[in-house]
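The values are calculated or read from the model by the stated rules, or taken from the named source; none is laboratory data. This one's a predicted model, so the numbers in the text were calculated from it and none came from an experiment. Note that each Cβ is placed from the backbone with ideal geometry, even for glycine, and that neighbours are counted across all protein chains shown. The protein model used for the area step is the full one, side chains on, heavy atoms only, and it has no ligands, DNA or RNA in it. Shrake-Rupley method; radii C 1.70, N 1.55, O 1.52, S 1.80 Å.
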Amino acid sequence: MIGRTVHSKKISLAGICVLCICALISSCSNPHENSERLAKKENDKHFETKSSEKEADFIVEAIEENFANVKLAQLALDQSANPNVKEVAAILEKDHENLVKELKGFANMRGISIPLEENKKARKKLDDLSATEQKLFDEKWCREVTNRHEKTIEELEDMWEHTGDEELKKWINSALPGLRNDLVKLQSCHEKLTM
C-alpha cells in the first residue's frame with residue numbers, strides 16, 4: 001500500500017513536471033502569446049456567475065490598458081523633444097504605474113488571473129508610434145493617448161453603473177479623478193501642439 005502511494009506520487013509529480021515543461025516550451029516558442037486571452041481563459045474556470053466573469057475580464061483589460069499607457073508614456077519620454085509632452089508623459093507614467101499596482105492588488109484579493117503586459121493591439125500601436133517621424137510624433141502621440149483616456153473613462157463609468165461589487169465601485173471612484181485630470185492635461189498639450 002505504501003509502495004503504491006509513493007509510486008502514484010512519483011507519477012503525479014512527473015505529470016506535473018511534463019505539463020510545466022510543455023507550458024514553458026509553448027511560452028518560449030511565442031514570447032508574445034496573448035496574455036489577455038490566457039488570463040481570461042483562466043478566470044472563466046474560476047468565476048461561476050456572468051457578473052463575476054465580466055468583472056474579472058474588466059480587471060484584465062484595465063491592467064492591460066495601464067501597461068500600455070505606461071509604455072506609451074515611456075515612449076514619449078524617449079522620443080519627444082517637446083518639454084510639455086515630456087512633462088505630461090512623466091505624469092502619465094507615474095499615474096499608470098500606480099493604477100497597475102492598485103489593480104494587481106485588487107486582482108490578487110479576488111483571485112483574478114492577470115496579463116503580464118499590454119495586448120497585441122497596443123503593442124502594434126507602440127511600434128507604429130515609435131516608427132513615426134520626429135516632427136509628427138508629438139501630435140500623433142497626444143491624439144492616441146487622449147483617445148485612450150477618453151475610452152478608459154467611459155469604460156470605468158460604464159462598469160460603475162453595471163457592477164454590484166462595492167469594492168470595485170470604490171476603486172473606480174478613486175481612479176476616475178486622476179484619469180480625468182490626466183485627460184485635461186493631454187487635451188491642453190494637444191491644443192498647444194496644434195496652434
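Can you tell me which of 146, 163, 152 is polar (S, T, N, Q) and more than 18 Å from the chain's Cα centre (by Cα)?
On the way: 146 fails: more than 18 Å from the chain's Cα centre (by Cα); 152 fails: more than 18 Å from the chain's Cα centre (by Cα).
Selected residue: 163, the only one of 146, 163, 152 that is polar (S, T, N, Q) and more than 18 Å from the chain's Cα centre (by Cα).
Screening region 87-106 for residues that are surrounded by fewer than 17 Cβ atoms within 10 Å (Cβ to Cβ) and among the charged types (D, E, K, R) and picking the one that is farthest from the chain's Cα centre (by Cα) gives 87.
So if I check each of 103, 72, which one is farther than 21 Å from residue 142 by Cα, at pLDDT 95 or above and not hydroxyl-bearing (Ser, Thr, Tyr)? So that I can check it myself, show each step before the final result.
Details: 72 fails: farther than 21 Å from residue 142 by Cα.
Result: 103 is the single residue among 103, 72 that is farther than 21 Å from residue 142 by Cα, at pLDDT 95 or above and not hydroxyl-bearing (Ser, Thr, Tyr).
Only one entry of 64, 144 meets the criterion of being in contact with a Pro (Cβ under 9 Å, 6 or more places away or on another chain) and not small (Gly, Ala, Ser), and that entry is 64.
Here is a check on your reading of the model: is residue 133 within 21 Å of residue 193 (Cβ to Cβ), among the acidic types (Asp, Glu) and open to solvent by 50 Å² or more (accessible area, probe 1.4 Å)? Judged against the criteria, residue 133 is a match. Within region 64-78, the residues that satisfy the criterion of being open to solvent by 20 Å² or more (accessible area, probe 1.4 Å) and in contact with an Asp or Glu (Cβ under 9 Å, 6 or more places away or on another chain) are 65, 67, 71, 74, 77. A single entry from 150, 61, 118, 154 fulfils the requirement of being at pLDDT below 95 and part of a helix (DSSP H, G or I): 61. For region 49-60, residues that are within 19 Å of residue 154 (Cα to Cα) and surrounded by fewer than 17 Cβ atoms within 10 Å (Cβ to Cβ) total 2.
This table checks each residue for (1) more than 19 Å from residue 64 (Cβ to Cβ); (2) assigned to a helix (DSSP H, G or I).
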residue	(1), (2)
81	yes, no
84	yes, yes
102	no, yes
137	yes, yes
